[in-house]
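Notes for the one structure printed next.
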Amino acid sequence: MSRRTRRSALTLGTAAATFAGSVLLAAPASAGGNPHPHGFAQRVSTEEVAAHLAAFQEIADTHGGNRASGTPGYDASADYVQQLLEEAGYQVERQYFDFVASSTTAQALTVAGAAVDVIAMEYSPSGTVTGALSALAADDATPGCEAADYPGTVAGTVVLVSRGACSFTVKQQLATAAGAVGVLVYNNIADEPLNGTLGEAVPGAPAGGITQAAGQALLGQVGQQATLDVQVEVTETATSNVIAQTPYGDTDNVIMLGAHLDSVPDGPGINDNATGSAGILQTALELAEVKPTQNAVRFAWWGAEESGLVGSWEYVESLTEAERGQIAGYLNFDMIGSPNHIIGVYDADESTYTAPVAVPEGSTSLEQVFTGYFDRTQQPWVDTEFSGRSDYQGFIEYGIPATGLFTGADDIKTPEEVALFGGTAGIPHDPNYHSPADDLSNVDLTALGINSQAIAFATLSLAQDPTPLDLTDNHPGKAKGKGKSKGEGKGGDRGQGASGNRSTDVAA
């Protein structure tokens, strides 16, 4: 992750007192007996999780159609989570921090007088620029990634460059240095829009993304006049994370669950990521009704994920080394109800995907809790790339074991995945990803229920286990091997860059 300096409103001393070992939940007056993890999973009903989704939709409808961090819609979402947790007996803390937000107010492209669909890069410089259309070599293995790729003829033009091999920021900065007045990056994946980010505010030429088909068509129009209009407002604002922890259990073996609570500014963000937020919320509410567990359990709803994983990074960096060492494992849930879904488990053991980030020791044990559960319940599953491109990234960077569940975003569903999960091949797992149509109708309730119960199973399994990362015991949450007889296949990667849900680069 290309990270920028951020200022937190929570001091390290306050963070230590709040998140590491303090009593954050009043024990229930009449706690029930602890069920088997499978029984606990059954307590988390799809209907109850879906009711939270309806509440988040209503919040978005009431606050301008979105729940983006730094807006009243996000604050109302955080208040909703906090109120329910407090009613269940939790003492909830809000970790406030500042972040830099990017909001697109205009995006348009014309070439030879004809309009072309374009998506402004997040954090792009603003400007309306006109110049001849130029293009870099289309057969370059590292297109636009070296200064030598930009000949002198690029100066004064709107330059067209393929996605691939390096970040969009590198391309935009090199094009600017070569004198280009505008930058267009076309996708290297068919039938997908390019919704990119520069990661942080940068100077230079305005930049936008277009589809592969549009880019290939424009290669035949080099020399024609192009006008690119990109208007992006970059502002510093404040938001918060929502944190709660059980008062009981070993605080040297904290099991932590997290999901980002914010939406993109363009829509209500119900699949992305009210689904993950609702899944862990209902698990937390059910956990308040059982007897104290062996290990402490901590829940987090992250702010500003869509602006670069800011909230989760802010939290991890606010902890001392000793406090980070108390987290036995982190479980991440980002989009668990995609309408054209897979059932994906992050591939911590790298049996299908070689991870481009270092995967901390212990992550495989966490992965096997989910895969073992799916195998025993005869639920097909696939690996999904453990790329470090969601809120678990900060945890991984600090050596904290992690895994999670994911049902797919703008990646294209394969025929092999259709054979396992149904749905439609050749279209995205979430055709409405990052759009105004990511509303209540954009959720598959079957996938939501499967994943919500898996969250509950893993939570109680790990919370009750005195050795949560040790596979030598016979706890029902563990599997001796990684059975994939029902789930072999290609997993879905979010196709996102390291700075949140927009792409920052293009690992092939």
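With (1) over 27 Å from E200 (Cα atoms); (2) of a type outside the set (D, E, K, R); (3) open to solvent by less than 10 Å² (accessible area, probe 1.4 Å); (4) touching a residue at least 60 places away in the same chain (Cβ under 8 Å) as the list, and F333 as the residue in question, which single condition is left unmet?
(1)
In this structure, does T251 turn out to be hydroxyl-bearing (S, T, Y), touching a residue at least 12 places away in the same chain (Cβ under 8 Å) and either touching a Leu at 6+ places or on another chain (Cβ under 8 Å) or under 29 Å from G337 (Cβ atoms) (or both)?
It is false that T251 is hydroxyl-bearing (S, T, Y), touching a residue at least 12 places away in the same chain (Cβ under 8 Å) and either touching a Leu at 6+ places or on another chain (Cβ under 8 Å) or under 29 Å from G337 (Cβ atoms) (or both).
Among the residues of the stretch 80-90, which ones are in a helix (DSSP H, G or I) and either closer than 20 Å to V310 by Cβ or in contact with a strand residue (DSSP E or B) (Cβ under 6 Å, 6 or more places away or on another chain) (or both)?
Filtering the stretch 80-90 for residues in a helix (DSSP H, G or I) gives 80-87.
Matches in the stretch 80-90: V81, Q82, L85.
For V254, are the conditions met, namely being out of contact with any Ser or Thr (no Cβ under 7 Å at 6 or more places or on another chain) and open to solvent by 10 Å² or more (accessible area, probe 1.4 Å)?
Considered against the rule, which asks whether it is out of contact with any Ser or Thr (no Cβ under 7 Å at 6 or more places or on another chain) and open to solvent by 10 Å² or more (accessible area, probe 1.4 Å), V254 comes out as no.
Run G32 past the list (1) of a type outside the set (V, I, T); (2) over 21 Å from A259 (Cα atoms); (3) at pLDDT 95 or above and report the number of the one that doesn't hold.
Exception for G32: condition (3).
Could you list, in sequence order, the residues of the stretch 91-113 that are open to solvent by 20 Å² or more (accessible area, probe 1.4 Å), over 30 Å from A132 (Cα atoms) and not in a strand (DSSP E or B)?
Result: Q91, single match.
Quick test for you: out of P151, P125, pick the one residue that is under 24 Å from A175 (Cα atoms), buried (at least 20 other Cβ atoms within 10 Å of the Cβ) and more than 20 Å from the chain's Cα centre (by Cα).
That would be P125, the only listed residue that is under 24 Å from A175 (Cα atoms), buried (at least 20 other Cβ atoms within 10 Å of the Cβ) and more than 20 Å from the chain's Cα centre (by Cα).
Going by the structure shown, is P203 on the phi < 0 side of the Ramachandran plot, in contact with a Leu (Cβ under 7 Å, 6 or more places away or on another chain) and in a loop (DSSP other than H, G, I, E, B)?
no
Can you tell me which residue within the stretch 154-180, out of those that are within 16 Å of Q107 (Cβ to Cβ) and either of a type in the set (D, E) or not in a strand (DSSP E or B) (or both), is nearest to the chain's Cα centre (by Cα)?
Only one residue fits best here, namely F168.
So which residues in the stretch 368-407 are assigned to a loop (DSSP other than H, G, I, E, B), within 12 Å of the chain's Cα centre (by Cα) and under 19 Å from G308 (Cβ atoms), if there are any at all?
Of everything in the stretch 368-407, those that are assigned to a loop (DSSP other than H, G, I, E, B), within 12 Å of the chain's Cα centre (by Cα) and under 19 Å from G308 (Cβ atoms) turn out to be S387, G388, R389, S390, D391, Y392.
Within the stretch 398-436, work out how many residues are out of contact with any Leu (no Cβ under 6 Å at 6 or more places or on another chain), open to solvent by less than 40 Å² (accessible area, probe 1.4 Å) and in contact (Cβ under 8 Å) with a residue 24 or more places away in the chain.
19
Within the stretch 213-237, how many residues are under 24 Å from the mean Cα position of the chain (by Cα) and buried (at least 16 other Cβ atoms within 10 Å of the Cβ)?
Taking the stretch 213-237 as the starting set, the residues that turn out to be under 24 Å from the mean Cα position of the chain (by Cα) are 232-237.
Subsequent filtering for residues that are buried (at least 16 other Cβ atoms within 10 Å of the Cβ) retains 232, 234.
Of the residues in that region, 2 qualify.
Looking for something among the hydrophobic types (A, V, I, L, M, F, W, C), more than 20 Å from the chain's Cα centre (by Cα) and open to solvent by 10 Å² or more (accessible area, probe 1.4 Å) - is there at least one such residue anywhere in the stretch 310-323?
Checked the stretch 310-323: at least one residue is among the hydrophobic types (A, V, I, L, M, F, W, C), more than 20 Å from the chain's Cα centre (by Cα) and open to solvent by 10 Å² or more (accessible area, probe 1.4 Å).
Please count how many residues of the stretch 154-172 are closer than 30 Å to A101 by Cα and open to solvent by 50 Å² or more (accessible area, probe 1.4 Å).
Selection size over the stretch 154-172: 2.
May I ask you to list pairs of residues, at least six apart or on different chains, whose Cβ atoms are under 9 Å apart, with the first in the stretch 235-246 being farther than 15 Å from V92 by Cα and the second being of a type in the set (A, V, I, L, M) and assigned to a strand (DSSP E or B)?
From residues that are farther than 15 Å from V92 by Cα, the pairs are T235/V100; T235/A101; E236/V100; E236/A101; T237/V100; T237/A101; T239/A101.
The values are calculated or read from the model by the stated rules, or taken from the named source; none is laboratory data. In this text, all values refer to a predicted model and were calculated from it rather than measured experimentally. Positions of Cβ are backbone-derived with ideal geometry, glycine not excepted, and every protein chain shown enters the neighbour counts. Ligands, DNA and RNA are stripped out before the accessible areas are found, and what is left, the full protein with its side chains, is counted by its heavy atoms. Shrake-Rupley method; radii C 1.70, N 1.55, O 1.52, S 1.80 Å.
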